[in-house]
1. Does the range 29-37 contain any residue that is within 15 Å of VAL131 (Cβ to Cβ) and surrounded by 15 or more Cβ atoms within 10 Å (Cβ to Cβ)?
2. When the residues of the range 1-53 are filtered to those that are of a type in the set (A, V, I, L, M, F, W, C) and not in a helix (DSSP H, G or I), which remaining residue is farthest from ILE102 (Cα to Cα)?
3. Filter the range 65-102 down to the residues that are part of a loop (DSSP other than H, G, I, E, B), surrounded by 16 or more Cβ atoms within 10 Å (Cβ to Cβ) and of a type in the set (A, V, I, L, M, F, W, C) and list them by number.
4. Report, by residue number, each residue of the range 108-124 that is at pLDDT below 90 and assigned to a strand (DSSP E or B).
5. Can you tell me how many residues in the range 54-64 are aliphatic (A, V, I, L, M) and in a strand (DSSP E or B)?
6. Give all pairs with beta carbons closer than 7 Å in which a residue from the range 1-20 that is in contact (Cβ under 8 Å) with a residue 60 or more places away in the chain and aliphatic (A, V, I, L, M) meets a residue that is assigned to a helix (DSSP H, G or I) and surrounded by fewer than 10 Cβ atoms within 10 Å (Cβ to Cβ); count only pairs at least 6 apart in sequence or on separate chains.
7. Any residue in the range 61-87 that is closer than 13 Å to LYS114 by Cβ and touching a residue at least 40 places away in the same chain (Cβ under 8 Å) sitting within a Cβ distance under 9 Å of a residue that is crowded, with 18+ Cβ neighbours inside 10 Å and of a type in the set (Val, Ile, Thr)? List the pairs, counting only those 6 or more apart or interchain.
Amino acid sequence: MTRKQRRFALIAGSLAVLGVATGLVLYALNDSIVFFHSPTELAEKHFSPGTRLRIGGLVAPGSVKKGENLAVRFNVTDGNKSVNVAYTGVLPDLFREGQGVIAEGVLEPSGLFKADSVLAKHDEKYMPREVADALKKQGHWKDDYAKKPPAAASSPPPSPSAAPAQSSAPSAADAPTTAAATSGATQ
């Protein structure tokens, strides 16, 4: 075997091993690559207890029950199914009933989702694309979710004191910069 053939065999073998390793990793992560599952997907896929998951949806109105030592129970819904969630800790400031939420934790044998972190959407108009898609799929999408406030209405007009002073004299930026103009000015 020549030196060139050995090098080719080594490169081909390395690429084959890398391809097999990549395929195995992607196969193992096939179900874990999802950002979150909706309550309907959670019921349909029958995840085994103890599985670490992320669930997302809306906090069901009237479902938030606060207990002792920062313990909170609430339901996450997508309009069809609902999942009971237990969480102990400080909730995000924007957490409230009817708002989008993503909870990360473990599914218990009783069907209770024991969350160790809760994320709330960051403003009233934002909704993660996956939550919006799940709501559209279930027929609970409202057109006003997608509407954004006009930019002019959200920012106040500039005050006269904040505007730069303008003079009637031409500035250097207003002067022509062509070669003819500069050559005529230097004569």
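1. Scanning the range 29-37, I find at least one residue that is within 15 Å of VAL131 (Cβ to Cβ) and surrounded by 15 or more Cβ atoms within 10 Å (Cβ to Cβ), so the answer is yes.
2. First, the residues of the range 1-53 that are of a type in the set (A, V, I, L, M, F, W, C): 1, 8-12, 15-18, 20-21, 24-26, 28-29, 33-36, 42-43, 47, 53.
Okay, now just the ones that are also not in a helix (DSSP H, G or I), so 1, 29, 33-36, 47, 53.
Values: MET1: 59, LEU29: 20, ILE33: 15, VAL34: 12, PHE35: 9, PHE36: 7, PHE47: 17, LEU53: 10 Å.
It comes out as MET1.
3. Listed by number, the residues that qualify are LEU91, PHE95.
4. LEU119, ALA120
5. Going through the range 54-64, the residues aliphatic (A, V, I, L, M) turn out to be 55, 58-60, 64.
Subsequent filtering for residues that are in a strand (DSSP E or B) retains 55, 58-59.
Residues in the range 54-64 being aliphatic (A, V, I, L, M) and in a strand (DSSP E or B): 3 in total.
6. Once the first residue is in contact (Cβ under 8 Å) with a residue 60 or more places away in the chain and aliphatic (A, V, I, L, M) and sits in the range 1-20, no partner that is assigned to a helix (DSSP H, G or I) and surrounded by fewer than 10 Cβ atoms within 10 Å (Cβ to Cβ) comes close enough.
7. Here the result reads VAL83/ILE55; VAL83/VAL76; VAL83/THR77, each pair linking the range 61-87 to a residue that is crowded, with 18+ Cβ neighbours inside 10 Å and of a type in the set (Val, Ile, Thr).
Listed here are the residues, each with its yes/no results for (1) charged (D, E, K, R); (2) modelled with pLDDT under 90.
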site: ARG3; (1), (2): yes, no
site: GLY19; (1), (2): no, no
site: LEU26; (1), (2): no, yes
site: LEU29; (1), (2): no, yes
site: VAL34; (1), (2): no, yes
site: ALA43; (1), (2): no, yes
site: PHE47; (1), (2): no, yes
site: VAL59; (1), (2): no, no
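The values are calculated or read from the model by the stated rules, or taken from the named source; none is laboratory data. All of these numbers come straight from a predicted model, not from anything done at the bench. Note that we place each Cβ from the backbone using ideal geometry, even for glycine, and neighbour counts take in every protein chain shown.
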